[in-house]
Amino acid sequence: MHFNTIKRCLQYGLSAATILAGITQVATADTQTILFQPFAEKQTQLAKASGECWTSSSATSRADAWRCRAGNTIYDPCFVNHFVDKNKVLCARSPWDNALTELTLTKPLPIPTNPKLDISKAQPWVIQLANGQRCTFMTGATRSTQGMRVNYGCIGGGFLVGDPLRCKTTWEMNYAQSIDPSKLNRVKIAKAWF
């Protein structure tokens, strides 16, 4: 476990014994980490457009992910397959939505600014909570509460605040019912897509 993760866990009031138990514990409900592979996914719909990618993705810190636009529409993340065609990217709204947009690039991709993906530290692109609720990373400006950024908007309402707590094999996160919460509840993360 990374030192900064242990430090963050201690700040959230978890004892050293609890943290060590979380490291050695083998649980049936461990958080599943998934690397989204748009070129391997089955696409039920593939929209096509022309556009450009001007920077690395804000939604995921993968080096193959970009923030792109076609006309007035922003797509983030869009993924490039360097082995097939560097002039096209596939843009996804979420990993469970099989409708992708293929952008034919009008300009070459810029130099990537995202570092090599480190799942132990990186923000997931999408999170599914233990109750099945799905939440997507919000790019751009959001609010902060209790000193933490409101990072994810959840389908059906609610928000995830701060960073995932990777103190145990089942990750947790702070959940708020509204964007201006007075109370945060700790919830378990079932899946995290990168």
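Since every read-out is calculated from the coordinates, none of them should be taken as a lab result. Only a predicted model underlies this, so the values are computations on that prediction, with no experimental measurement involved. Neighbour counts are summed over all protein chains in view; Cβ atoms, including those assigned to glycine, are modelled from backbone coordinates with ideal geometry.
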Notebook entry, point to check: Taking other Cβ within 10 Å of each residue's Cβ, how do M138, M148 sort, fewest first?
Noted result: M148, M138
Check: Size of the dipole of segment 43-194 about the Cα centre, Lys and Arg at +1 and Asp and Glu at -1 on the beta carbon, nothing else charged, in debye to 20?
Finding: 260
Checklist line | Largest-first ellipsoid semi-axes for segment 45-105, taking √(5λ) over the Cα gyration tensor eigenvalues, angstrom | finding: 14, 13, 13
Checklist line | Residues whose placed amide H lies under 5 Å from that of R143, excluding near-sequence neighbours | finding: V150
Next item on the list: May I ask you to derive the FRET efficiency for T73 and A130 from their Cβ-Cβ distance with R0 = 22 Å, giving the value to the nearest 0.05?
Entry: 0.10
Next item on the list: Give the cross-link partners of K188 among the aspartates and glutamates, using a straight C-alpha distance below 20 Å as the criterion and excluding same-chain residues fewer than 8 apart.
Entry: D30, D163, E172
Check: What FRET efficiency comes out for the pair D85/T139, r = Cβ-Cβ distance, R0 = 30 Å, nearest 0.05?
Finding: 0.75
Next item on the list: Please give, to one decimal in nm, the separation of the simple spin-label points placed at R149 and L35, each 7 Å out from Cα toward the Cβ.
Entry: 2.4
Notebook entry, point to check: Taking H as built 1.01 Å from N, whose amide H comes closer than 5 Å to the amide H of A190, not counting residues under 5 places away?
Noted result: Q128, L129, A130
Checklist line | For segment 141-193, alpha-carbon Rg and Dmax in angstrom | finding: 10.7, 31
Note to self: Quick check: net charge around V89, other residues with Cβ under 13 Å of its Cβ, Lys/Arg +1 and Asp/Glu -1?
What the structure shows: +2
Item checked: Karplus 3J(HN,Hα) series, Hz, for segment 169-178 with 6.51 cos²θ - 1.76 cosθ + 1.60 (x for Gly, Pro) -> 5, 9, 5, 10, 7, 7, 10, 10, 6, 10
Next item on the list: Mind checking which lysines have their Cα closer than 18 Å to the Cα of K88? Skip sequence neighbours fewer than 8 apart in that chain.
Entry: K42, K48, K107
